[in-house]
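Taking it in order: structure first as structure tokens, then the write-up.
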Amino acid sequence: MNKIKKFKISLRRKEIARRILRSNLDLKAAGISDEFELDKFIVRLYAALNPGVVYKLFEEKSLELESIGIEHKDMFSACVVNLGPVIEEKIKEFDDNITLTTAANIVLFEFLKNAVQFVNDLIKEQAEKEEFETQGIEVLYTPIFAYAQEPKFLQEAPRIDRDIALKAIPVIFNSLNTEKIGVKFEEGIITPKATVAFLVPWNKKKKKRK
């Protein structure tokens with residue numbers, strides 16, 4: 001099991017600013033008068049990040065997961081990424097302002113996307129060293145935040161059936177010991193909410209014909 005706490009998420013402030021501006025929010029009415037103020041808004045949220053990730057390679061078939069409905073021909077990695085509780089508390093400060101809440105949730109989703117891609121790249125590197133290749137991620141859980149859509153990267157990822165995921169999550173969380181990064185699954189709810197859980201299937205590389 002691999003654990004990384006307080007890893008560096010790429011800020012990509014211009015890309016995030018473009019996403020917010022394309023949402024046609026009335027930012028000026030919410031107190032964000034120009035792009036400089038928008039940049040400050042994004043950076044303040046970035047400063048509230050305390051990300052962590054745990055991930056584990058399942059090299060052999062898990063009878064428990066198979067009985068639930070999680071089946072893979074070869075190995076797979078299970079991953080849980082979280083942004084920490086502070087950023088969610090920060091966003092709650094905007095509860096009386098739909099515009100700022102929407103903008104903040106767009107930022108949060110972009111941070112989650114960047115965190116997932118960071119971990120996915122690590123797993124790809126790990127697989128290549130073992131002469132395997134990875135497939136795209138399979139989503140077990142992504143949060144829902146008011147007024148903001150998931151990034152396209154997460155929207156388009158295959159999703160494990162909800163009933164299967166709800167049964168698999170406690171098994172996987174226990175195996176990964178997610179409490180090491182402060183993530184819990186209790187009474188069907190994941191906390192902190194800014195969490196993504198996903199699987200990455202591995203396939204043995206095919207030998208190139210001479």
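The values are calculated or read from the model by the stated rules, or taken from the named source; none is laboratory data. Because the structure is a prediction, the values reported are computed rather than measured. Every residue, glycine among them, receives a Cβ derived from its backbone with ideal geometry; neighbour counts consider all protein chains shown. For the accessible areas, the whole protein counts, side chains as well, though only heavy atoms, and no ligand, DNA or RNA atoms are used. Shrake-Rupley method; radii C 1.70, N 1.55, O 1.52, S 1.80 Å.
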>> Any residue at all in the stretch 72-87 that's open to solvent by less than 30 Å² (accessible area, probe 1.4 Å), over 26 Å from D161 (Cα atoms), aliphatic (A, V, I, L, M) and under 21 Å from the mean Cα position of the chain (by Cα)?
In response: yes
>> Let me spell it out: the conditions are (1) within 16 Å of the chain's Cα centre (by Cα); (2) open to solvent by 20 Å² or more (accessible area, probe 1.4 Å); (3) touching a residue at least 12 places away in the same chain (Cβ under 8 Å); (4) farther than 19 Å from G69 by Cβ, and Y147 meets all of them except one. Which number is the exception?
In response: (1)
> Is it the case that some residue within the stretch 88-108 is under 16 Å from the mean Cα position of the chain (by Cα) and open to solvent by 10 Å² or more (accessible area, probe 1.4 Å)?
Replying inline: yes
>> Conditions first: (1) modelled with pLDDT of 95 or more; (2) touching a Leu at 6+ places or on another chain (Cβ under 7 Å). F94 passes all but one, so which condition is the exception?
In response: (1)
>> For the list (1) open to solvent by 30 Å² or more (accessible area, probe 1.4 Å); (2) in contact with a Pro (Cβ under 9 Å, 6 or more places away or on another chain); (3) over 20 Å from E150 (Cα atoms), I need the number of the one condition that R19 fails.
In response: (3)
> With K129, K180, K205 as the choices, which residue is farther than 23 Å from I9 by Cα, more than 13 Å from the chain's Cα centre (by Cα), touching a residue at least 24 places away in the same chain (Cβ under 8 Å) and surrounded by fewer than 18 Cβ atoms within 10 Å (Cβ to Cβ)?
Replying inline: K205
